[in-house]
Amino acid sequence: MGMFDGIAGFGVTFSTMFRKVVTEDYPRVKKVTAPRYHGRHQLNRHPDGLEKCVGCELCAWACPADAIYVEGGDNTDEERYSPGERYGSIYQINYLRCIGCGLCIEACPTRSLTMTNEYELADDDRQDLIYDKDRLLAPLLPGMEQPPHPMRLGENEQDYYVQGPEMARRSDVQDAVREEIQMTPEASR
Amino acid sequence: MTAASEKAPEKPSEQDDLPPVPHGHVRLTIDDRVVDAPQGELLIRTCERLGIVVPRFCDHPLLDPAGACRQCLVEVEMGGRKMPKPQASCTMTVAQDMVVNTQMTSAVADKAQQGVMELLLINHPLDCPICDKGGECPLQNQAMSSGRAESRFVEEKRTFAKPLPISDEVLLDRERCVLCQRCTRFSRQIAGDQFIELLERGAHQQIGTEETAFGEGEDFQSYFSGNTIQICPVGALTSASYRFRSRPFDLVSTPGVSEHDSSGAAVRRDWRRGAVTRVLAGEDPDVNEEWIDDKTRFAFRYAQSTTRITRPLVRGDDGELHETSWTDALEHAATALLAARDGTGPAALDADGEPPGEPKRGVGVLPGGRLTIEDAYAYAKFARVALRTNDIDARARAHSGEELDFLAAHVAGTGLGVTYADLESAPAVLTVALEVEEEAPVVFLRLRKAARTGTAVHHLGQWSSPAVVKTGGRLVRSAPGREPEALATLPDDVAAALATPGAVVLVGERAAEVPGLYAAVSDLVGRTGARVAWVPRRAGERGAVDAGALPTLLPGGRPLDDVARAQLASSWGLADETALPATPGRDGAAILRAAASGELAGLVVGGVELADLPDPVLARAALREADVVVSLEQVASEVTQYADVVLPVAPVINKSGTFRNWEGRDRRFATTIDPSGGSSGRVGGTAAITLPDCRVLDTLAVEMDVDLFTQTPEVAAAELGHLGAGRPTEIGPVRGPDGSGDADGDTAAGTDGSLRLASWRQLLDGGALLIDEPELAGTARPPKIRLSTVTARRLGLVEDAMAGLEGPRGSLHLPVELADLPDDVVWAPARVPQPGGGVVTLAGLGLTHGGPARLTGGTTTDGSSA
Ligand code: SF4
Ligand code: SF4
Ligand code: SF4
Ligand code: FES
């Protein structure tokens, strides 16, 4: 036993003092995620504000954790939420169950469902962790109009899908999916 | 298929060791397996038996082969020579020494099937995500199994406007249709309703109705239209009420039994989150095959109706009903019923100013005709043991003492009698007081099937109604009210046909409306040897007869004699037969008369609609006069307004039980949605736990110090089964009315402008279980007044003119249609729903079948002034 044995252990402590700190200063400083991080879902809109979701339940079908609940609804000329015949009238994701696997995103035939980078999904109330359409729908960007309203970008739903990619490239129309990839990291800071 | 044939022959020489081909069979080879098949069998069926699934769209085992879709192509070799092209296995019958190669073993067949699939998909939209068939679609499945992964079609697809409603209930999407013609073949062959047809040619070929083709005309007016939705192999025909409601993987499917009629049809109820989303036809070859009527299919939302009663109600001192606890409600009901039974109620004690007279005493029971046999049994036992009376009558409709005789002689405790299969094989059938399509639609389908294979169907009625026409039937015309004479003097050939072995007479509950008709039927079957079956309208009627919910019959068809009562007393754990009432009870009308006149002190009422009773005015008076009215109901009804205590009971989806159908067949069903299971049993968003009638009555009886032992349907069924049938060996004759002919029989119709009325109920006429079904109500047949041309001319009426049917208590205005009625007879539906809600019944107007009626013309208003 040497005489420095008693303080030798502090060597580790002292040397660590001069290393780079790994502690996150969360929540004061929020971590920027990888761009494709699987965060909270978003139900996107067409450039005129109509919902992309058609209530097909394919996302619910794909979900391995049974976290999604969807009920379809019938669009009418007076009350239209999406182009075409059908829309998602009830849409819920239960974040107590969701495992963030992203299979629902793969399943969605309309690119309605995507994931944002938002990861703050904790709460002290189980009920509040069931997200409804009000919290899942993408925000209305400039030029978008709150549904229900008639189709503004074409005669029928074909026009929305066939001309969609072209419209997304135009500068005067907003595309939520494109926006969200660029915006979210900064926005969540 | 013989056992030996199941083995695949390894070497050709082994074939020689096979047993000889059974008589009437042929031996062929399918996918290298030798199989014996009955002559005339379709190849596709033989493949099925071998477990080889040939893809198909148009083929349906219950429809005639069509060969319309060409998806089922297989390679066939006959006499050692290959047929030049693949053949449709759904139209080709088996033949001796045929060699068949399906897609499993033949590249040619596989390629042919892929080609057909590609062709079908050329104009098929990419609709799966928004298509109601998605997830249970034969086209989706078979495109995966027999289609190509890549489409070569890059051109624009043909489009149609969609969806196109072809009736209020059925929506057509022409883009998705694969032109298999299952729907048109069903309508033509099974239902006999030729309202949909294949129209146009080439790429524009489409299904349509007169309305879709010409912009006006008839739409898909069929009571069986829902079956086309179910058998359409794609999402071309969808249901308006199920539109976008859910996906097959969301649904729990529970087998059940139709609660809407006495057919006992098997159904499948699909439900989600405590609510039924759709009802489909179940498969039962002995009963409904695979078909049900639209009422059974589409009327199920009553269980989720906002008018459902979910908590017990007791009428307070303020005269209003208040929600209360079960304990409180049962205590109230028990105390009041005991006082009423023993004549110690307030009215009897309170003789203030009035001479004491006879105290009100006794309680009458009106269980209604929609009960399971277990519930009916609980009512029967409750009346006898707890209320000590035989005053119980489940017949919430026109009824008579003659009917009781008939039921005792021909129905009660007879077990399984005439069956659907017997109808199919019968040489001749006569329907009496039964409009099969309106009153027993599943029986109608079987009669039509029978008629297509040679059964002679005769109808005793007034005019060539759709049922007569569609069963290829012969109308034995009789003036309304004169049916007994018509039966006594049947044309010789009809009488002779009924005398052939296997002939059947079907008699409906409406026979009670004509005095002497039940006696005449009984006489006729005695004379000809034909078998007789009683086909009531409601699901619970037959069970109620066998469970003893009638004033003169005890459970199992037992009469009220000492022997039967002693038997029952010992099984029920009572001292001896004196513990059971011996006097024959009052029938429904007499119970109401006694209650209205202050003889009876109380009434226990089940699911009864006052408007359906033969005298609704009397019924209202009875409920008003009775000291205590206890109502057991699912939804608020007119009875609720008079009830002192309302006890909620479970709808058919929330309980188990058995409906005994008209054949006498027990149709047991399990609980569809267990109301105690978490989020289930939702009624308008709130949980509702309701109990079956038998359980409620059992608990009520305990409050009255009596044990019924009917806590659950299973226990009740076991006890009833243990009792068994107890038909006496000597059964009395069916006594017709005293004297001959009815009183108003000869009021010389025609001389003073008065006519004779004929009527029956239509299938969709705003009944209690049809609430909240706007689409279904839209498919109802429009109510009309029917007259012969001669009578119409005499009254100055023309087709489509409005005419008013005048009764002592009001009138009913409907458009006129000319039909082949006897002169001076007018036909009108017995119950007509009104546009603004509510119904007008002929009984409510004081009119009866066979009785006099007056017609006024020229009115232009709709509805009634009743
Ligand atoms: S989010 Fe996509 S997959 Fe889910 S229901 Fe809507 S359209 Fe269908
Ligand atoms: S009919 Fe079948 S294949 Fe066609 S869109 Fe509907 S689900 Fe898809
Ligand atoms: S509508 Fe359906 S059942 Fe009728 S022909 Fe088309 S695919 Fe066949
Ligand atoms: S199933 Fe054979 S042709 Fe359609």
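The values are calculated or read from the model by the stated rules, or taken from the named source; none is laboratory data. Worth saying up front: this structure is predicted, and the values here are computed from it rather than measured. Cβ coordinates were reconstructed from backbone atoms using ideal geometry, including for glycine residues, and neighbour counts include every protein chain displayed. Areas reflect the complete protein model, heavy atoms only, side chains present, ligands, DNA and RNA absent. Shrake-Rupley method; radii C 1.70, N 1.55, O 1.52, S 1.80 Å.
Scan (1) away from chain B (no Cβ under 14 Å); (2) open to solvent by less than 60 Å² (accessible area, probe 1.4 Å) for the single condition residue A:88 breaks and write down its number.
For residue A:88, the exception is condition (1).
Taking the condition of being outside any loop (DSSP other than H, G, I, E, B), touching a helix residue (DSSP H, G or I) at 6+ places or on another chain (Cβ under 7 Å) and closer than 24 Å to residue B:757 by Cβ, how many residues in the stretch B:472-505 meet it?
Here the count works out to 6.
Only residues that are more than 16 Å from ligand 3 (Cβ to nearest atom) and surrounded by fewer than 21 Cβ atoms within 10 Å (Cβ to Cβ): list them for the stretch B:68-86, please. So that I can check it myself, show each step before the final result.
Taking the stretch B:68-86 as the starting set, the residues that turn out to be more than 16 Å from ligand 3 (Cβ to nearest atom) are B:73-86.
Those that are more than 16 Å from ligand 3 (Cβ to nearest atom) and surrounded by fewer than 21 Cβ atoms within 10 Å (Cβ to Cβ): B:77, B:78, B:79, B:80, B:81, B:82, B:83, B:84, B:85.
What tally of residues in the stretch A:102-121 results from selecting those that are within 16 Å of ligand 2 (Cβ to nearest atom) and away from chain B (no Cβ under 14 Å)?
The qualifying residues number 0.
If we scan the stretch B:107-120, do we find a residue that is closer than 24 Å to residue B:280 by Cβ and either within 14 Å of chain A (Cβ to nearest Cβ) or without any contact (Cβ under 8 Å) to a residue 12 or more places away in the chain (or both)?
Within the stretch B:107-120, the first condition is being closer than 24 Å to residue B:280 by Cβ, and the residues that meet it are none.
Within the stretch B:107-120, not a single residue is closer than 24 Å to residue B:280 by Cβ and either within 14 Å of chain A (Cβ to nearest Cβ) or without any contact (Cβ under 8 Å) to a residue 12 or more places away in the chain (or both).
Considering B:130, B:166, which residue is open to solvent by less than 40 Å² (accessible area, probe 1.4 Å) and within 15 Å of ligand 3 (Cβ to nearest atom)?
The conditions single out B:166.
Any idea which of A:40, A:97 is more than 16 Å from ligand 2 (Cβ to nearest atom), in contact (Cβ under 8 Å) with a residue 60 or more places away in the chain and either away from chain B (no Cβ under 14 Å) or in contact with a Leu (Cβ under 6 Å, 6 or more places away or on another chain) (or both)?
Of the residues listed, the single one that is more than 16 Å from ligand 2 (Cβ to nearest atom), in contact (Cβ under 8 Å) with a residue 60 or more places away in the chain and either away from chain B (no Cβ under 14 Å) or in contact with a Leu (Cβ under 6 Å, 6 or more places away or on another chain) (or both) is A:40.
Determine, yes or no, whether residue B:173 is surrounded by 15 or more Cβ atoms within 10 Å (Cβ to Cβ) and either of a type in the set (A, V, I, L, M, F, W, C) or away from every other protein chain (no Cβ under 14 Å) (or both).
Numbers: surrounded by 15 or more Cβ atoms within 10 Å (Cβ to Cβ): yes; either of a type in the set (A, V, I, L, M, F, W, C) or away from every other protein chain (no Cβ under 14 Å) (or both): no.
No; evaluated as a whole, the condition is false for this residue.
When you scan the stretch B:173-190, do you find a residue that is under 30 Å from residue B:290 (Cα atoms), away from ligand 3 (no atom under 14 Å from the Cβ) and in contact with a strand residue (DSSP E or B) (Cβ under 6 Å, 6 or more places away or on another chain), even just one?
Looking only at the stretch B:173-190, we keep the residues that are under 30 Å from residue B:290 (Cα atoms), and these are B:173-190.
With the extra rule that they be away from ligand 3 (no atom under 14 Å from the Cβ), the set shrinks to none.
The answer is no, given that none of the residues of the stretch B:173-190 is under 30 Å from residue B:290 (Cα atoms), away from ligand 3 (no atom under 14 Å from the Cβ) and in contact with a strand residue (DSSP E or B) (Cβ under 6 Å, 6 or more places away or on another chain).
Within the stretch B:211-224, is even one residue within 16 Å of ligand 4 (Cβ to nearest atom), of a type outside the set (Lys, Arg) and surrounded by 23 or more Cβ atoms within 10 Å (Cβ to Cβ)? Can you show your working first?
Quick first cut of the stretch B:211-224, residues within 16 Å of ligand 4 (Cβ to nearest atom) only: none.
Scanning the stretch B:211-224, I find no residue that is within 16 Å of ligand 4 (Cβ to nearest atom), of a type outside the set (Lys, Arg) and surrounded by 23 or more Cβ atoms within 10 Å (Cβ to Cβ), so the answer is no.
Do you know which residues across the stretch A:60-69 are open to solvent by 10 Å² or more (accessible area, probe 1.4 Å) and more than 10 Å from chain B (Cβ to nearest Cβ)?
A:62, A:63, A:64, A:65, A:66, A:68
Against the conditions (1) under 27 Å from residue B:611 (Cα atoms); (2) open to solvent by 30 Å² or more (accessible area, probe 1.4 Å), where does residue B:820 fall short? Just the number, please.
Going through the list (1) under 27 Å from residue B:611 (Cα atoms); (2) open to solvent by 30 Å² or more (accessible area, probe 1.4 Å), residue B:820 breaks only (1).
Quick one: residue B:594 ticks every box in (1) assigned to a helix (DSSP H, G or I); (2) in contact with a Lys or Arg (Cβ under 7 Å, 6 or more places away or on another chain); (3) surrounded by fewer than 21 Cβ atoms within 10 Å (Cβ to Cβ) except a single one, so which number is it?
Exception for residue B:594: condition (3).
Considering only residues of the stretch B:355-372 that are under 32 Å from the mean Cα position of the chain (by Cα) and open to solvent by 10 Å² or more (accessible area, probe 1.4 Å), which is farthest from residue B:415 (Cα to Cα)?
Looking at the filtered set, the residue picked out is B:366.
Which of the residues that make up the stretch B:560-587 are open to solvent by 30 Å² or more (accessible area, probe 1.4 Å) and under 19 Å from residue B:365 (Cβ atoms)?
Matches in the stretch B:560-587: B:574, B:579, B:582, B:583, B:584, B:586, B:587.
Considering each of A:48, A:77 in turn, give the residue that is closer than 30 Å to residue B:173 by Cβ, within 14 Å of chain B (Cβ to nearest Cβ) and touching a residue at least 60 places away in the same chain (Cβ under 8 Å).
A:77
Could you tell me which numbered condition residue B:137 fails, if it satisfies all but one of (1) within 30 Å of residue A:155 (Cβ to Cβ); (2) surrounded by fewer than 18 Cβ atoms within 10 Å (Cβ to Cβ); (3) more than 16 Å from ligand 1 (Cβ to nearest atom)?
Every listed condition holds for residue B:137 apart from (2).
Looking for whichever is open to solvent by 20 Å² or more (accessible area, probe 1.4 Å), modelled with pLDDT under 95 and either within 16 Å of ligand 1 (Cβ to nearest atom) or not β-branched (Val, Ile, Thr) (or both) here; the options are B:48, B:14, B:41. Which one fits?
None of the other options fit; the residue is B:14.
Here are the criteria: (1) within 22 Å of the chain's Cα centre (by Cα); (2) surrounded by 21 or more Cβ atoms within 10 Å (Cβ to Cβ); (3) modelled with pLDDT of 95 or more. Tell me which single one residue B:473 does not satisfy.
Condition not satisfied by residue B:473: (3).
Of the residues B:511, B:467, B:479, B:503, only one is under 19 Å from residue B:542 (Cα atoms), among the small types (Gly, Ala, Ser) and either open to solvent by less than 20 Å² (accessible area, probe 1.4 Å) or in contact with a strand residue (DSSP E or B) (Cβ under 8 Å, 6 or more places away or on another chain) (or both); which?
Just one listed residue meets the conditions, B:511.
Could you give every pair whose Cβ atoms fall below 7 Å, whose first residue belongs to the stretch B:125-144 and is within 13 Å of residue B:173 (Cα to Cα), and whose second residue is within 16 Å of ligand 4 (Cβ to nearest atom), counting only separations of at least 6 or pairs across chains?
As it stands, the answer is B:133/B:234, since those pairs meet every condition given.
Which of the numbered conditions does residue B:837 fail, given that it passes all the others? Conditions: (1) touching a helix residue (DSSP H, G or I) at 6+ places or on another chain (Cβ under 9 Å); (2) open to solvent by 10 Å² or more (accessible area, probe 1.4 Å).
Result: residue B:837 fails condition (1) only.
Using beta carbons and a limit of 9 Å, which pairs, at least six apart or on different chains, have the first residue in the stretch B:824-852 and on the phi > 0 side of the Ramachandran plot and the second one outside any loop (DSSP other than H, G, I, E, B) and polar (S, T, N, Q)?
B:824/B:754; B:824/B:791
Condition first: β-branched (Val, Ile, Thr), open to solvent by less than 10 Å² (accessible area, probe 1.4 Å), at pLDDT below 95 and away from ligand 1 (no atom under 16 Å from the Cβ). Can you find one or more residues in the stretch B:176-196 that meet it?
Yes - at least one qualifying residue is present in the stretch B:176-196.
Kindly list the number of the only condition in (1) within 11 Å of ligand 3 (Cβ to nearest atom); (2) touching a strand residue (DSSP E or B) at 6+ places or on another chain (Cβ under 9 Å) that fails for residue B:195.
All conditions pass for residue B:195, except number (1).
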